[in-house]
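Chemist: Just passing along the structure, written as structure tokens.
Where a number appears in this text, it was derived from the coordinates with a stated rule and is not lab data. Keep in mind the model is a prediction, meaning the values are calculated, not measured. Here the Cβ positions follow ideal geometry from the backbone for every residue, glycine too, while neighbour counts run over all protein chains shown.
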Amino acid sequence: MRIERTGAKEMLTYWNGRFADFAERISARVESGVEECWLLFDEDSNRWIGELHIRWDKPDQPEEANGVDTACLEAFRIDEAFQGQHLGTMLMRRCLERIRERGFTRATIGADDSDPRLGVMYQNWGFTRRVREDGFDYHDDEGNLIHDTYVLYANDDVQHTGLK
Ligand SMILES: CC(C)(COP(=O)(O)OP(=O)(O)OC[C@H]1O[C@@H](n2cnc3c(N)ncnc32)[C@H](O)[C@@H]1OP(=O)(O)O)[C@@H](O)C(=O)NCCC(=O)NCCS
């Protein structure tokens with residue numbers, strides 16, 4: 001496995017048409033340096049199997065990222081076939097290291113409460129402060145109305161991540 005920071009054009013190539021509605025916006029941010037895209041590659045199959053982005057600045061949401069000391073982690077995912085092998089942990093460790101390298105001291109990440117295990121995972125990694133909660137409704141595949149909560153978590157001292 002290999003972790004690599006990728007450029008805007010390469011990111012679009014890897015995404016291969018996915019997330020078309022916002023891909024251009026994200027790649028523009030990557031191009032300008034305000035966002036970084038970190039990919040995990042499986043060297044056996046020579047394809048990317050995981051992703052985590054760092055946003056350095058969000059002028060409209062400074063509690064998430066402020067360009068000074070707080071960075072926001074987004075788009076965290078590991079290919080289903082590779083989940084549960086601590087690869088997500090590996091990618092998170094590298095991105096938190098990157099945040100420290102840039103001299104930032106705080107990291108934030110958001111999760112829906114629909115899978116409460118996600119919140120536990122983030123808390124185990126030092127994201128212990130609940131910064132903000134937003135309620136939202138959506139329809140599931142069967143059309144049932146679901147009430148959910150989006151929680152923004154903060155790790156206020158990225159030196160101490162608790163990552164194994
Ligand atoms: C969340 C995700 C990125 C984790 O990656 P992963 O490689 O499967 O995670 P790891 O194997 O490194 O596991 C890390 C720890 O969290 C636990 N864990 C793994 N997936 C979890 C999940 N979906 N929810 C809660 N806990 C999880 C593991 O048991 C492990 O705990 P341990 O260290 O005590 O053994 C991956 O499961 C994923 O892509 N899920 C779908 C997309 C998603 O929900 N992304 C997060 C958006 S907020």
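Chemist: Rank-order 115-128, 95-108 by packing density, defined as the average count of other C-beta atoms within 10 Å over each peptide's residues, highest first.
Modeler: 95-108, 115-128
Chemist: If you don't mind, there's one more thing I want to ask. In percent, what relative contact order does the chain have, based on Cα pairs under 8 Å that are 6 or more apart in sequence?
Modeler: After rounding, I find 17 percent.
Chemist: What do you get for Rg/Rh of the stretch 28-95 when both radii come from the Cα atoms and Rh is the Kirkwood radius?
Modeler: Here the Rg-to-Rh quotient is 1.05.
Chemist: Follow-up question, since we're still on this one. If you plug each phi of the stretch 62-78 into the Karplus form 6.51 cos²θ - 1.76 cosθ + 1.60 with θ = phi - 60°, what whole-Hz ³J(HN,Hα) values come out, in order, with x for Gly and Pro?
Modeler: x, 6, 8, 7, 10, x, 10, 9, 10, 10, 10, 9, 9, 6, 7, 7, 10
Chemist: Any chance you could check the Cα centroid distance between the stretch 81-102 and the stretch 125-164 for me, in angstrom?
Modeler: If you average the Cα positions of each part, the centres end up 18 Å apart.
Chemist: For the stretch 21-57 and the stretch 60-79, what is the separation of their Cα centres, given in Å?
Modeler: 13 Å
Chemist: Percent of Cα-Cα pairs more than 23 Å apart in the chain, please.
Modeler: Here the tail beyond 23 Å accounts for 42 percent of pairs.
Chemist: While we're looking at this one, here's another question. Residues with amide H under 5 Å of I49's amide H, sequence separation 5 or more or different chain, H placed in the peptide plane at 1.01 Å from N; which?
Modeler: Under 5 Å from the amide H of I49 lie the amide H atoms of L40, F41, D42, each far enough along the sequence or on another chain.
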